[in-house]
1. Which one is surrounded by the fewest Cβ atoms within 10 Å (Cβ to Cβ) among residues in segment A:1-21 that are over 18 Å from B:M590 (Cβ atoms) and at pLDDT 95 or above?
2. On the given criteria, is B:V525 more than 14 Å from chain A (Cβ to nearest Cβ), in contact (Cβ under 8 Å) with a residue 12 or more places away in the chain, in a helix (DSSP H, G or I) and under 30 Å from B:Q964 (Cα atoms)?
3. Can you say whether B:F612 is in a loop (DSSP other than H, G, I, E, B) and either more than 30 Å from B:N485 (Cβ to Cβ) or not assigned by TED's automatic domain parsing to the domain that holds B:A509 (or both), as far as the supplied structure shows?
4. Can you confirm whether B:A570 is of a type outside the set (V, I, T) and not in a loop (DSSP other than H, G, I, E, B)?
5. Yes or no: segment A:158-168 includes at least one residue that is closer than 30 Å to A:T183 by Cβ, at pLDDT 95 or above and in contact with a Phe, Trp or Tyr (Cβ under 8 Å, 6 or more places away or on another chain).
6. Got a sec? Which of B:I755, B:I792, B:I727, B:I685 is touching a residue at least 40 places away in the same chain (Cβ under 8 Å), away from every other protein chain (no Cβ under 14 Å) and surrounded by 18 or more Cβ atoms within 10 Å (Cβ to Cβ)?
7. Those residues that are over 20 Å from A:E222 (Cα atoms), away from chain B (no Cβ under 11 Å) and in a loop (DSSP other than H, G, I, E, B), I need them from segment A:1-38; list them, please.
Amino acid sequence: MTTLLRRSQLSRRHIALGAEFEQIGDTLLVSNYGSSEEIAQAKSLALIDLSTLPRTGFKGAGATTWATSQGVKIPERPNLALLQKDQSLVVRLSYHELLILSNIDPLSTQIERLDSMAVGPQTYTLPRADSHCWLAVTGSQAAEMFSKVCGVDLRPHKFANNAVAQTSVAKASAIVVRHDLGTTHCFYVLTDVSAAEFLWDCLIDAMLEYDGGPVGVASMRELAAEG
Amino acid sequence: MNQRLAKPYGSLINRDQPIKFSFEGTAYQGFLGDSIASALAANNQWLLSRSFKYHRPRGTLTMAGQDANTMIQLQSNPNALADRELISENLRVMAQNYSGSLKRDRGALLGLFSRFLPVGFYYKAFFKPRGMWEKWAPLIRKKAGLGVINQQLEPDYYDKQYKFFDVVVVGAGPAGLQAALTAAVDGCEVLLVDENPTLGGSLNYARFDAEGLRGQQLRDQLLQQIDANNNITSMTDAVCNAWFADNWLPIIRGKRLYKVRAKQVILCTGALEQQAVFHNNDLPGVMMSSAAQRLIHLYGIRPGSAAVIVTGNNDGYANALDLLDAGVQVKAIVDLRDTPTQDAISKAIAARGVRILTGHAVFAAQKTNNHLSGVDIRPITSTGICGPQSESISCDLLCMAVGYTPTYQLVCQAGGQLSYDDSSAMFTLTNCPEAMQVAGSVNSHWDLDACLAEASRAAILATNALGFTETTIPEIIAKTGVSPNHPWPIFPHPSGKEFVDFDEDLTIADIINATRDGYEHIQLVKRYSTCGMGPSQGRHSALAAARLVAAATKRTVAQTGVTTARPPFAPEQLGHSAGRSFYPARRSNMHYRHVEAGAQMLQAGEWYRPAFYGSANDREACINNEVVNVRNNVGLVDVSTLGGIEVRGKDAGEFLNRFYTFAFLKQPVGRARYALLTNEAGVVIDDGVACRFSDNHYYVTATTGGVDRVYQSMLKWNAQWRLDIDIANVTSAYCGVNIAGPKARDVLIKLCLDIDLSAEAFPYMGVREGTVAGIPARVIRVGFVGELGYEIHVPQHYGEALWDALITAGQDQGIQPFGVEAQRVLRLEKGHIIIGQDTDAMSNPMEIQMGWAISRKKPFFVGGRTIAELQKKTPLRSLVGFVVDDLSAPIPLESHLVLQGEQMSGRVTSCNYSPTLGKPIGMAYVDPLSAQAGSKITIKSSGGVRVTAEVVALPFYDPNTLRQEL
């Protein structure tokens, strides 16, 4: 297999914005865009591309049974997410479908381990790392911004931490997961990878009203560490 | 003369901030907060516009943005409402719909010919004699419409936003304020919406007591509580423009359309004051009594110097007190009632010595210089009839206070029923949905305390329903007091011009004549006369029209009803609907490689695809070169947009066997098979190939535009069949290319070291898994373009790397990218159809020569039963190939007709110049009798030129398929 560096579908957007990249394994992530205000930006309203981070998915009548047998903790019902011991996040999309997202460092080991295993009966892998792009929207104004592009009420007191919505964002089918970074609101948005640039542009446009903009993953780590 | 009143009048204006603007080229000054109409009124400019049909002078009617009289032209948009639009520094305002000048409009001459323009004129005049419409059309088109669109203007940024509330209260008058306060219990999020600049509604301008204190006191008290309540969000200058199912409310504010979801809605939309109908009731200076009060209290404007009030209720008396307090001489109150109700307000009027004429009506208004100059007062002898005794009173202001209609539009859009009681002239609203309450004057409560009590009750119903409270629900609030609606404020005049509908210049005679022409149903009267079809949508004409129709057809108003109130409530700008819409655009991972290579991109559905590579000016040459290179060397095309669906599980073969027309149960592992999909009607709806990678794993391709439908259809069928499979749409997870041409293997062999690419080991329609340039890949030997070819599908993020590797590896073989256009030519030469282009909503497999793709051995497949029946019948048409040998003939295009004599017998579905054959080739549906090779068909090509084509056997190229099986 090739050891080509994995770039995001949005890499040209990032380069144009002056991104500094960091390499983790064979993937490139935007660390920052050179601004000293990115942490403050992330607390207010920011967009981060996490598309090159590991993720996987399993589906089928036997998927949750098999995943449980492999030590995965399953959210009690669909449309909930549950943080795992290795800091990966298991998102239950239906009774028989799981999406597993790496943490942002990424130090999660579960995804690689599960991907390398033979799955159990009536369990089918899904190529989530290739089918979807993965964006994060952070900050106190995130829900207000989302109300311009998404018909689900994502306000913090209505959409709890680790709640999941399978909806559309800017008319693109999307999975929205609220997974806060310490005290900062954070929403993951996963949508069809071929629409990544479209969605990125829509979100940037929607953020302008609130002075939102892109930041790198370094800001997210700072916010997570602040607790 | 400056009409401005001293403080405290003028709650909306800031006298410290003067604003300069112009109207009709004349400079004026107003204050911040002034509407255009109020600022002009302050300068004694009352004439604002000309009416649509007769170009009659029109001025302020409601001062509430509810009428078409104040429609003016701004640089940015036509038909702005002068009583809604605020002035701003250097704003340029023009009137609309006049010839010459606003003061001296030549179009007003039309009024002299009004008897020749009766109701239904349009219908009567344009149909006969035959061809007459062509004569009328240019004139009508010139006269139709109001205002001018500035096409040079850069459009503003309009957008949309969702909002979510537990309770939405529409209307922030006394009932709305009280409803919001009562509803805003712990945890209940309340939105209070009002179209006006400030909360308070009638409390801001109406008079509720003789002293004129109660309204202001109550407003201050309620607003203080509203301000202090964090559960209430107020939205002013915001119009709730409709009600849609499940309390979906479009609220327009500025340049944003809010899409509001409410769990409960409380409509406190109030009531709209109605005009009296008499001769010249449309003159500037004649206005609703509430309009005069708005001018006085909101803008600090004296609405006239000498006033007459025509009234059918005691609100007219309150209006008179306001006028007196504002320094207006009130010459008379003309009360339609014989015996007015006595209350503190009427007593106060009597005490101030105002002349009151009971049992009288305004029979006519007179004008001087486009403005009211006096009224003709006469006694009422019977319903709608005035006696001959006439008294003229000179005045420059006539206030009308003859009744109200509830602002029922949103209620009725939600399924509510509006009823009218002829005896009391009162309206009732019933049948509201469970999640909707109504309160206040919209529900015919005219007593202020009753309005507040009902609003509280409505809020309790809402919060109880939402589970926020378990409060005991108060008794239904009884309707108290006397109806303010006079049952018949309509007085015909021998000279007509008693306007029922100001928007369309419709008079009493027009409405009655509509019924005499046989249109007795109120809905037919509306359409025949256009009553209620203008910008104000019947707000002031519906009741009067219903009364007239009722009388003319000898029914009650209750039996007659009013016309349907459809959304939107108020006119909305196109920008509100068109602003910031989302059209998802999809790009493959190789997208920028195409752009960098000079591709002209096209959008195929949501996807961007390379049409061809090179200058748009050299389109044909570029496409031909790409075709030739594929035929002679090797080409590379991005097929990432093709659908990809994984079907996995022990019943995967059985599923495909039922879903597609072919047989799949015995398909060997490592082989691909053509997959044709029909629907239950036997119509071909998609195609692709099904690749079997293991006993329980198929990877099925589908067309770019069809994959979502195929996937949904698969899910739907298996919901019934319950087979043990999983279906996953992985279209975006894989990038794909097709490397095609006689040298394709020579290129691929350099990069693909773990798959034996020899023809024997990897034959046509074989599938393999391995690596290409070190990238994990699924390789499928297909021949869509009719050459040796391999589709290579790799994980999405490797797409660009795969493209680069193949382009680099193919340099010695002359590899070049080719686009969708060349691919279309190549497949046409090979005789392969494109679903959706060469098929339509009626195409069955037999008529497109695909009977070979149907398995007759299996018991069932979707559409099989229908196809079996169709096979017993003579086909109605056949899809055939044709060539055009006359190179000078215009090349037929898609959808050009195939003719038999002068009758259409079919149509062209595809046609291109074939660089390989050196002439145009195509496919067309023809009569089956013309489907034999050698038949001649006539195609009506561009410019109507008849082109003769010869039917030939398909494919045009490589009939023995030697090249794709190299």
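The values are calculated or read from the model by the stated rules, or taken from the named source; none is laboratory data. From a predicted model like this one, the values you see are computed outputs, not experimental measurements. Neighbour counts run over all protein chains shown; Cβ positions are idealised from the backbone, glycine included.
1. Filtering segment A:1-21 down to residues over 18 Å from B:M590 (Cβ atoms) leaves A:1, A:3, A:14, A:16-21.
From what is left, the residues that are at pLDDT 95 or above are A:14, A:16-21.
Details: A:H14: 21, A:A16: 8, A:L17: 16, A:G18: 10, A:A19: 21, A:E20: 12, A:F21: 19.
The residue in question is A:A16.
2. On the way: more than 14 Å from chain A (Cβ to nearest Cβ): yes; in contact (Cβ under 8 Å) with a residue 12 or more places away in the chain: yes; in a helix (DSSP H, G or I): yes; under 30 Å from B:Q964 (Cα atoms): no.
Taking the combined requirement at face value, the residue does not satisfy it.
3. Values: in a loop (DSSP other than H, G, I, E, B): no; either more than 30 Å from B:N485 (Cβ to Cβ) or not assigned by TED's automatic domain parsing to the domain that holds B:A509 (or both): yes.
So B:F612 fails the test.
4. Numbers: of a type outside the set (V, I, T): yes; not in a loop (DSSP other than H, G, I, E, B): no.
For B:A570, the condition - of a type outside the set (V, I, T) and not in a loop (DSSP other than H, G, I, E, B) - is not met.
5. Kept after step one, since they are closer than 30 Å to A:T183 by Cβ, are these residues of segment A:158-168: A:158-168.
From what's left, at pLDDT 95 or above: A:158-168.
Pick out the ones that are also in contact with a Phe, Trp or Tyr (Cβ under 8 Å, 6 or more places away or on another chain) and you get A:158, A:165.
Within segment A:158-168, one or more residues are closer than 30 Å to A:T183 by Cβ, at pLDDT 95 or above and in contact with a Phe, Trp or Tyr (Cβ under 8 Å, 6 or more places away or on another chain).
6. B:I685
7. A:L17, A:G18, A:G25, listed by residue number.
Yes or no, residue by residue, for (1) closer than 22 Å to A:G182 by Cα; (2) touching a Leu at 6+ places or on another chain (Cβ under 6 Å):
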| site | (1), (2) |
| --- | --- |
| A:G71 | no, no |
| A:P78 | no, no |
| A:L83 | yes, yes |
| A:I104 | yes, no |
| A:P121 | no, no |
